[in-house]
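The values are calculated or read from the model by the stated rules, or taken from the named source; none is laboratory data. Bear in mind that the values here come from a model prediction, so they are computed numbers and not experimental data. Every residue, glycine among them, receives a Cβ derived from its backbone with ideal geometry; neighbour counts consider all protein chains shown.
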Amino acid sequence: MITSSSVRIKKEWDIVGARQMGRKLAKDLGFGTIDQARIATAISELARNIYLYAEEGKVEYEIIEEMNKKGLRIVASDKGPGIEDLSKVMEDGYSTSGGLGAGLPGVKRLMDFFDIISDPGKGTTISTIKWVR
Amino acid sequence: MRIPILKLHNYLLVSIQIDLDDQTAIDFQEDLLHNIHKSGATGVVIDLTSVDMIDSFIAKVLGDVVSMSDLMGAKVVLTGIQPAVAITLIDLGIHMQNVATALDLEQGLIKLHQELGE
């Protein structure tokens, strides 16, 4: 079994590719349909952020094991403009793109672990984990 | 990729059976509005039975197309939203409160029939 892989985000269609890959890995790992949908949706939001704000980046997948539990780690990274005000993007309803502003706070609720590192001018890396229940 | 839009009497029927990318979703929005204009349809059912995830972008496109159709005088009902999709939408914080929904296509048509009194 492959334990890590990645999808490059460059075209709009890559958003679909990234979430399909995540769903497939989640299914193979034994996640139920609801968690598969959560993971696919979270990846879709992360990949779209890369496409919209950084133009290019990648989504990496890693199957992880810890204390008898298995999980899927999703890391979305780019070398885009970064985020000036992290607390603001984590507010529900905040959007600079005219979207619903559900993006990052939504991803945080969909996943079990969420961490964001952003350097303005250098890029953003968002790490998330979902554990198999 | 274009999503087929079928006409049934005064209604338009749409069944989304593909994984929606952003462009297809936007094209669908325009196609549906043109079809409403052309056909004079008073009601639309968009069936989402085969859709296994709706993210914030697709939710916005769907919510917008309901409002846009409403402006044109056509009532839209979304049907067949899967349990996993409903759960993830609420997790995301998207409530789509102004959108009419029904369990399946049949219930959707009944709902349109009742609301439009045709």
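For residues in the stretch A:93-130 being away from chain B (no Cβ under 11 Å) and buried (at least 20 other Cβ atoms within 10 Å of the Cβ), which is modelled with the lowest pLDDT?
A:Thr124
Conditions tested, residue by residue: (1) touching a Ser or Thr at 6+ places or on another chain (Cβ under 8 Å); (2) facing chain B (nearest Cβ under 9 Å).
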{"position": "A:Lys11", "(1), (2)": "no, no"}
{"position": "A:Asp14", "(1), (2)": "no, no"}
{"position": "A:Arg23", "(1), (2)": "no, yes"}
{"position": "A:Asp28", "(1), (2)": "no, no"}
{"position": "A:Ile34", "(1), (2)": "yes, yes"}
{"position": "A:Leu46", "(1), (2)": "yes, no"}
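Just one of the numbered conditions (1) buried (at least 21 other Cβ atoms within 10 Å of the Cβ); (2) within 14 Å of chain A (Cβ to nearest Cβ); (3) closer than 13 Å to B:Ile16 by Cα is not true of B:Ile46; which one?
(2)
Mind counting the residues in the stretch A:1-60 that are assigned to a helix (DSSP H, G or I), surrounded by 15 or more Cβ atoms within 10 Å (Cβ to Cβ) and not hydroxyl-bearing (Ser, Thr, Tyr)?
31
What number of residues within the stretch B:94-110 are within 14 Å of chain A (Cβ to nearest Cβ) and either closer than 20 Å to B:Ile18 by Cβ or surrounded by fewer than 16 Cβ atoms within 10 Å (Cβ to Cβ) (or both)?
3
Can you name the condition, by its number, that B:Met72 falls short on among (1) at pLDDT 95 or above; (2) in contact with an Asp or Glu (Cβ under 7 Å, 6 or more places away or on another chain); (3) over 26 Å from A:Asp35 (Cβ atoms)?
Every condition holds for B:Met72 apart from (2).
Give me the pairs: first residue in the stretch B:72-93 and within 14 Å of another protein chain (Cβ to nearest Cβ) and buried (at least 23 other Cβ atoms within 10 Å of the Cβ), second residue basic (Lys, Arg) and not in a loop (DSSP other than H, G, I, E, B), beta-carbon distance under 9 Å, and six or more apart or on different chains, which are they?
Close Cβ pairs satisfying both conditions: B:Thr88/A:Arg38; B:Leu92/A:Arg109.
Which of the residues that make up the stretch B:8-17 are within 14 Å of the chain's Cα centre (by Cα) and either more than 11 Å from B:Val76 (Cβ to Cβ) or within 14 Å of chain A (Cβ to nearest Cβ) (or both)?
B:Leu13, B:Ser15, B:Ile16, B:Gln17
Could you grab me the full set of residues in the stretch A:61-85 that are in contact with a helix residue (DSSP H, G or I) (Cβ under 9 Å, 6 or more places away or on another chain) and either in a loop (DSSP other than H, G, I, E, B) or at pLDDT below 90 (or both)?
A:Lys79, A:Gly80, A:Pro81, A:Gly82, A:Ile83
Which pairs do you get when a residue that is without any contact (Cβ under 8 Å) to a residue 24 or more places away in the chain, found in the stretch A:48-65, comes within reach of a residue that is buried (at least 22 other Cβ atoms within 10 Å of the Cβ) and assigned to a helix (DSSP H, G or I), reach meaning Cβ atoms under 7 angstrom, with the pair 6+ apart or on two chains?
Final answer for the pair search is none.
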